[in-house]
Each structure stands twice: as C-alpha cells, then as structure tokens.
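This report refers to the structure that appears directly beneath it.
The values are calculated or read from the model by the stated rules, or taken from the named source; none is laboratory data. This one's a predicted model, so the numbers in the text were calculated from it and none came from an experiment. Cβ placement follows ideal geometry from the backbone for every residue including glycine, while neighbour counts extend to all protein chains displayed. To get the accessible areas, we keep the full protein, side chains included, count just its heavy atoms, and leave off ligands, DNA and RNA. Shrake-Rupley method; radii C 1.70, N 1.55, O 1.52, S 1.80 Å.
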Amino acid sequence: MSKFRKGALAVAGLITLTAAPAWAEGDAAAGEKVFKKCTACHAVGEGAKHKVGPQLNGVIGRTAGTAEGYKYSKAMIEAGSGGLIWNAETVSQYLHDPKAFVKGNKMAFAGLKEDADVANVIAYLADFPGAVTGAGEAPAAEAQVAESAPTPETAPAPAAADTEIPDHGLLHLGRKATEDEIAAWDIDIRPDGLGLPEGKGTVARGEELYVENCAICHGEFGEAVDRWPVLAGGHDTLKNERPEKTIGSYWPHASTVYDYIRRAMPFGSARSLSDDDVYALTAYVLYLNDVVTDQEFELSKQNFTSITLPNADNFIPDDRLSEPHYAGKKEPCMKDCKPSVEITAHALVLDVTPDSDGEGQGAIE
C-alpha cells in the first residue's frame with residue numbers, strides 16, 4: 001500500500017461526514033497574514049489563477065498534482081497518483097518541510113517552522129473550498145452562455161458600423177493613447193531621479209515587506225533560495241571566472257533597483273506594491289548590501305540621488321553616437337566588414353528565473 005493511502009482514506013471519511021470541515025486548532029484570520037509569504041507563488045479567492053505555483057482554491061481535499069491547467073513536477077504527479085490527498089495532516093507535514101515530504105518536488109519555499117503558523121494557514125485555506133475561476137473549467141454560468149450562444153451558421157451578421165475610418169498613423173489602426181494610459185506605462189526611473197514618484201520608506205518597514213514577499217525566493221538575507229537570484233554579497237568577485245553579480249557588487253544605480261522592484265516584483269504579483277512600499281524595499285535591499293547601515297534610514301524622492309552604489313564608476317557611458325555611422329550619419333557596414341569573425345566569449349547563464357522550463361515552483365502543488 002502506498003504511504004499516502006492512509007491520508008487519502010482519512011480525508012475521504014472526513015468529507016463524507018461533514019460538508020464544511022472546521023479546523024478548530026487554526027485561526028483563519030491569523031493564517032491570512034502568514035499566507036502573505038505564499039502570495040508570490042499562489043493565489044486564493046475569487047478569480048484566483050495559477051502563478052508560479054497552482055491556485056489553492058479547494059486544495060483541502062484535493063488530490064496532489066491535479067489542479068487543472070497547471071504543469072506540475074513529475075514528483076508531485078507521482079505523489080498524487082500514489083494516493084496523496086491534501087488534508088490537515090498532509091498539508092501540515094508538507095508546510096513544515098516541503099522538500100522532505102515530497103522528494104524531487106520543484107519549489108522554492110523552505111517551510112514554516114512554527115506549528116501555530118501551519119495550523120493557521122490550513123484554517124485559512126479551508127475557507128476557499130470552491131472551484132477555480134480563471135483556471136481550469138469555466139464556471140457553470142459561463143458554460144451555459146457558451147452552450148446557448150449561436151453557432152457560426154446561425155449567428156446574425158453584424159450590423160454595418162457607421163463609424164469614421166481612422167486616418168492616423170501608417171496603418172490607420174487603433175486610436176491615440178490617453179494621458180492616463182501613457183502615465184500608467186511611462187514608469188521608468190532615470191539615474192538622475194527623473195521619474196521617481198513622491199513617497200518614502202524606512203529600512204525597518206522594508207524588512208517587514210521583504211519577509212512577506214521576497215524571502216521565499218531570495219532568502220532571508222538576500223542569499224537566494226535554490227536557483228533564484230542572489231541579491232546581496234559578491235563583493236570583490238567581479239574578476240572571478242564566475243562572478244557574483246548582486247545589487248551591491250555589480251549594479252550601477254539605485255534607480256534600477258527601484259524601477260525593477262516597482263515594475264516586476266513580487267514575482268507573480270507585479271505592480272501590487274505602493275510607491276512607499278517600493279521605497280521601503282529598495283532601502284532594505286540597500287541595507288542588505290551595506291550601502292546604508294542604519295535600520296531607521298528613510299529613503300525618499302528627496303534623498304534618493306544621494307545614494308551611490310559601489311560599482312557605479314566601473315560602467316562606461318554609452319558612446320555609440322561617436323561611432324562613424326552615427327557621427328557622420330553614414331550607413332552602417334552590413335557585409336564583409338571584417339576579414340574574419342570569431343567567437344570571443346560565451347554566456348554562462350542565459351536564464352535567471354528558475355521556473356523558465358515551464359514547471360512551477362509553488363509551495364503547495
């Protein structure tokens with residue numbers, strides 16, 4: 001008998017006896033706060049979709065590796081086939097030590113150490129027993145609409161549109177973007193501070209946000225978990241064969257740190273942070289790299305440009321405009337430009353996101 005069969009039978013009996021199991025030992029409200037550590041990879045609630053890890057609506061009582069539309073690791077699929085069903089006991093064991101419970105499972109979460117945190121998360125997840133909206137099968141209402149929709153043969157022809165044909169642009173397509181649409185897209189930050197929004201955030205506040213949103217992938221001190229990018233350290237390694245290119249050892253400008261966090265983080269929940277949150281996280285990442293040393297330091301638009309990263313002076317300004325075909329407005333050479341061509345360097349690593357092979361790294365699969 002599989003080592004997972006006992007858990008499967010136990011949860012089957014539990015679901016038969018009660019339609020809404022209560023996890024008396026857990027506090028769902030407290031579990032919601034703990035679950036913030038998981039939101040970089042997982043989603044629950046109305047409209048939840050698969051992210052780095054699968055959505056967790058209905059995970060209590062679900063066979064492992066079976067959420068429709070999510071690409072699981074081979075180990076998790078085999079665990080589900082062997083009888084692993086997520087109930088209070090199995091989820092508890094998994095959250096305490098994910099790698100040990102399902103060996104070979106691809107994930108980035110090291111596990112929760114406190115029994116109370118685990119029980120609270122289980123209680124919180126039990127509040128979301130419903131079907132998926134946004135992944136897997138369409139909700140019944142949508143399916144009904146789809147069934148009653150006219151077929152291509154019976155669908156009425158669209159009425160002639162009495163609209164003016166646009167004449168702007170090369171292909172006369174679309175419309176001009178509104179000022180609000182341009183503002184939402186135009187969010188880049190320059191090294192001289194142009195583009196920075198109003199706001200501020202302390203190192204201490206950034207630490208709280210980092211633990212909730214970032215440590216799951218980047219480690220508690222920026223050391224990284226598994227193959228996720230290292231954020232801190234690496235000083236004096238740039239001349240090594242395999243340099244450690246971190247924010248402190250390699251990046252040239254703090255503006256790039258702010259811009260990247262604001263635009264792309266947390267992974268799977270991009271653009272979910274406020275401007276103040278981004279200032280605080282940037283301050284904390286600078287603190288991890290000893291660029292600032294005071295936990296009470298507050299980074300803001302006013303003092304942002306006073307921050308200088310250690311490797312800033314080793315970057316060369318873009319001088320392409322001095323090249324002949326730019327300076328003299330000549331056509332660049334496109335054929336037989338050199339007597340011979342040879343490979344002078346090889347990239348050692350092309351990808352920086354561990355799940356780039358399409359297999360997720362969620363905490364609960």
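Summary of values
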{"quantity": "Selection within the range 238-251 - at pLDDT below 95 and open to solvent by less than 50 Å² (accessible area, probe 1.4 Å)", "calculated": "P243"}
{"quantity": "Only listed residue being among the aliphatic types (A, V, I, L, M) and over 21 Å from the mean Cα position of the chain (by Cα), chosen from L238, L231", "calculated": "L238"}
{"quantity": "Residues of the range 91-109 that turn out to be part of a loop (DSSP other than H, G, I, E, B) and crowded, with 17+ Cβ neighbours inside 10 Å, as a count", "calculated": "6"}
{"quantity": "Those residues of the range 55-88 which are in contact (Cβ under 8 Å) with a residue 40 or more places away in the chain and either part of a helix (DSSP H, G or I) or among the acidic types (D, E) (or both), in sequence order", "calculated": "E68, M76, A79, A88"}
{"quantity": "Residue, farthest from A123 (Cα to Cα), within the range 63-85, restricted to residues that are over 24 Å from the mean Cα position of the chain (by Cα) and not small (G, A, S)", "calculated": "E78"}
{"quantity": "Matching residues in the range 246-260 - criterion: being assigned to a loop (DSSP other than H, G, I, E, B) and small (G, A, S)", "calculated": "G248, S249"}
{"quantity": "Every pair of residues 6+ apart whose Cβ atoms lie under 8 Å, when the first sits in the range 325-352 and is aromatic (F, W, Y) while the second is at pLDDT below 85", "calculated": "Y326/R320"}
{"quantity": "Test: residue in the range 183-199 that is farther than 30 Å from D318 by Cα, touching a residue at least 40 places away in the same chain (Cβ under 8 Å) and not β-branched (V, I, T)", "calculated": "yes"}
{"quantity": "Qualifying residue in the range 255-270 (condition: modelled with pLDDT of 95 or more, touching a strand residue (DSSP E or B) at 6+ places or on another chain (Cβ under 8 Å) and crowded, with 18+ Cβ neighbours inside 10 Å)", "calculated": "no"}
{"quantity": "Top-ranked residue in the range 1-49 [being among the β-branched types (V, I, T), assigned to a loop (DSSP other than H, G, I, E, B) and within 26 Å of N213 (Cα to Cα); ranked as modelled with the highest pLDDT]", "calculated": "V44"}
{"quantity": "When residues of the range 222-232 are limited to those that are touching a residue at least 40 places away in the same chain (Cβ under 8 Å) and in contact with a helix residue (DSSP H, G or I) (Cβ under 9 Å, 6 or more places away or on another chain), the one least open to solvent (accessible area, probe 1.4 Å)", "calculated": "G222"}
{"quantity": "Positions within the range 279-318 being crowded, with 21+ Cβ neighbours inside 10 Å and under 19 Å from V211 (Cβ atoms), in sequence order", "calculated": "Y279, A280, L281, T282, A283, Y284, V285, L286, Y287, L288, N289, L299"}
